[in-house]
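K.L.:
This is the structure, below, for whatever I ask next.
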Amino acid sequence: MNRRKFFRNGSLFTLGTALINPFESTASILDLQTINKNKKAKNIIFMVSDGMSTGTLNMADLYLNRKTGKGSNWLQLYKEQRINRALMDTASASSIVTDSSAGSSSWGGGFRVNNGSLNVGPNGEMHMPIWQKFKKAGKMAGCVTTVPITHATPAGFCVNSKSRNAQEDIAEQYLELGFDIMMGGGNNYFSADIRKDKKDIYALYKAKGWQIARNRQEMMAADNSKPLLGVFADDGLPYNIDRTNDKALTDSTPTLAEMAQKAIDRMKGNKNGFVLQIEAGKVDWGAHANDIGALLYDQVAFDEAIKVAIDFASKDGETLVIITTDHGNANPGVIYGKDANNNFDSIQKYTHTNEWILNSIKPDNTIAQVREIVESANATAISEEDAKTVLTYYDGLHKEEGGLYNYKKVPFKTFAQIQQKHNSVGWISMDHSADYVELAMFGPGSELLKPFVKNTDLHYLMLQAAEVENKF
Ligand SMILES: [Zn+2]
């Protein structure tokens, strides 16, 4: 039912919404629902921790709780009953195990498509992506991510493409479609020096009035009244833990929370509102690599971005915030053992990802040097025997190792198994899972959420919450 019509024709009562602060933590969930029901969502912030198994959400909360005495912002919303919550079925048209392009397309286009496709159905049907629908309704629209801005999850809200791999083309499509802020990595798809067709995509954006930010300072200094393209790395941005422990990376690269804040500041003045996707894309990459330092600290960075979104939405009162993931990945968890607590707590002392460790090791390193590198990043020594095992992967004979984004074929899987003896974190695989996933909603429109939904349902929920007709 059209909610506006419902309230125009048959409203039971009129709430003095202006007089009530719906975000007082004393308000019960029922109060919040009643208040939200009378309101449309002028803005929507859609937050995706890509490839976030429930275990990842759990471990981030455990980690923060044990380290700081305060859990994650995400779980805090549950504890304070400020949110509606559901499980979501994440299947694609071709598999019960989705990939990120079909996952994002289910939300973005409202239809399930085959894995690998962006809003193009199995028979070539083109589904208009939801950020285009909202642009037509007068809203501003943008995406920020820690992977290339042309990657599957942002692209699924913005474009149609038979293949998620067409990232060079997607970079050009964004410009034609006229979005308002797009930030992440992906210089490979914008730079004339790297693109196959040698086109200078930055120049095309500039010619259309876009500002280009290539580092954190430029992003911070960018004028909020003009469209902004932020590209901070050739491929994905550095993992949060590697960034935090490297001065040059800290200076050059914004955090996800900083990008989220910039995007909100850029678009919040628009009279018809805005829609923003915020993606922690490298939570997925960390899961593919069974890399706990990468995964956990990027989930924490996502959690800091949640605070930015909820702080804005709490004050604003007209913003629906959706927090979820597109699918599980590698289903990690802390596994029982008598030292499980201390082992898990040892991750608090990590300063670098396994990606950093394994790329720091060179074929001519000695066993002692390998142990030194690991200890420098994990504050825990591995045995000589384990160091020897790791080194066997650098002799040119053993290079076959799993992990989707493992371009250099380093031994992620073997190393995670060694690490498990010291951190008690186990993994069931190095790939996506079919698990139903966590879904949370805050603000006006959240009362529309049912306890169990299909990924495609969110497409229609967003349109309904914003009272934008699905007439395209
Ligand atoms: Zn993935």
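Here, each number is a calculation from the coordinates, and none is a lab measurement. The model shown is predicted, which means the values in this text are computed figures rather than measured ones. Ideal geometry is used to build each Cβ from the backbone, glycine not excepted, and the neighbour counts take in all protein chains shown.
K.L.:
Suppose we look only past 16 Å in the calculated P(r) of the range 334-381. What percent of the Cα-Cα pairs does that tail hold? It would help to have the intermediate numbers written out before the result.
P.N.:
Values: 514 of 1128 pairs.
Value for the range 334-381 (Cα pairs over 16 Å): 46 percent.
K.L.:
For the pairs Lys247/Lys362; Lys262/Lys421; Lys79/Lys139; Lys307/Lys450, note any where the Cα-Cα span goes beyond 30 Å. Working shown, then result.
P.N.:
Values: Lys247/Lys362 23 Å; Lys262/Lys421 41 Å; Lys79/Lys139 33 Å; Lys307/Lys450 24 Å.
The pairs that break the limit, which is 30 Å between Cα atoms, are Lys262/Lys421; Lys79/Lys139.
K.L.:
Can I ask one more? What is the projected area of the convex hull of the Cα atoms of the range 50-190, averaged over all directions, in nm²? Walk me through the numbers before you get to the answer.
P.N.:
Values: hull surface 40.6 nm².
Orientation-averaged projected area of the Cα hull: 10.1 nm².
K.L.:
Hey, got the dipole for the range 332-419? About the Cα centre, +1 on K and R Cβ, -1 on D and E Cβ, debye to the nearest 20?
P.N.:
Working: 9 positive and 12 negative charges, 40 e Å.
Once rounded to the nearest 20, the dipole reads 200 debye.
K.L.:
Related question: Taking a point 7 angstrom from the Cα of Glu384 along the C-beta vector, which residues in the range 344-368 have backbone N less than 12 Å away?
P.N.:
367-368
K.L.:
Measuring from centroid to centroid over Cα atoms, what is the spacing of the range 289-341 and the range 59-93 in Å?
P.N.:
7 Å
K.L.:
With point charges of +1 on the Cβ of Lys and Arg and -1 on the Cβ of Asp and Glu, referenced to the Cα centre of the chain, which listed residue (Phe312, Gly269, Ala289) lies farthest in the positive direction of the dipole?
P.N.:
Most positive-ward Cα: Gly269.
K.L.:
Only bridges with both residues in the chain count here: give the DSSP antiparallel percent, nearest 5.
P.N.:
Values: 15 of 47 bridges.
Counting DSSP beta bridges with both partners in the chain, the antiparallel share is about 30 percent.
K.L.:
Continuing with this model, one more query. Based on the Cβ-Cβ distance from Lys271 to Met126, what FRET efficiency comes out when R0 is 22 Å, to the nearest 0.05?
P.N.:
On the way: r = 30 Å, r/R0 = 1.37.
It comes out at approximately 0.15.
K.L.:
Right, another one. Starting from the amide H of Met47, placed 1.01 Å from N in the peptide plane, find each other amide H under 5 Å away whose residue is 5 or more places distant or on another chain.
P.N.:
Residues meeting the criterion, in which the H sits 1.01 Å from N, are Ile278, Ile322, Ile323, Thr324.
K.L.:
Another question, then. Please give the peptides 129-140, 429-440 ranked by average Cβ packing (other Cβ atoms within 10 Å per residue), highest first, as a rough proxy for protection. Walk me through the numbers on the way to the answer.
P.N.:
Values: 129-140: 21.8, 429-440: 19.9.
With the highest mean Cβ count within 10 Å placed first, the list reads 129-140, 429-440.
K.L.:
In the chain, how does Rg compare with the Kirkwood Rh, expressed as the Rg/Rh ratio over alpha carbon atoms? If you can, show how the numbers build up before the last one.
P.N.:
Values: Rg = 22.4 Å, Rh = 22.9 Å.
In the chain, Rg relative to Rh is 0.98.
K.L.:
Hey, for a label at Ser429 modelled as a point 7 Å past Cα toward Cβ, could you say which residues of the range 306-342 have their backbone N under 17 Å away?
P.N.:
Within reach of a label on Ser429, which here means backbone N under 17 Å from a point 7 Å along Cα→Cβ, the range 306-342 contributes 326-333.
K.L.:
Okay, moving on. Report the Rg/Rh value for the range 161-265, based on alpha-carbon coordinates and the Kirkwood definition of Rh.
P.N.:
Ratio of gyration radius to Kirkwood radius for the range 161-265: 0.97.
K.L.:
If the cut-off is 26 Å between C-alpha atoms, which lysines fall inside it for Lys196, apart from same-chain ones fewer than 8 positions away?
P.N.:
Lys196 reaches Lys162, Lys206, Lys208, Lys282, Lys408, Lys409.
K.L.:
How big is the charge dipole of the chain about its Cα centre, in debye rounded to the nearest 20, if each Lys and Arg gets +1 on its Cβ and each Asp and Glu gets -1 on its Cβ? Display every interim value, and only then the final one.
P.N.:
Working: 52 positive and 54 negative charges, 369 e Å.
The calculated dipole for the chain is roughly 1760 debye.
K.L.:
Cα-based Rg (one decimal) and Dmax (whole number) for the range 328-429, in Å?
P.N.:
So, for the range 328-429, Rg and Dmax equal 13.4, 38 Å respectively.
K.L.:
Sticking with this structure for a sec: For the chain, what does the relative contact order come out to in percent, with C-alpha contacts under 8 Å and a separation of six or more?
P.N.:
Working: 1033 pairs, mean separation 117.8, N = 472.
Answer for the chain is 25 percent.
K.L.:
Shifting gears a bit: Multiplying the sequence separation of Tyr460 and Gln417 by 0.36 nm and subtracting their Cα-Cα distance, what value in nm do you get? List each step's numbers first, then the result.
P.N.:
Numbers: separation 43, 0.36 × 43 = 15.48 nm, distance 4.26 nm.
Additional length available on full extension: 11.2 nm.
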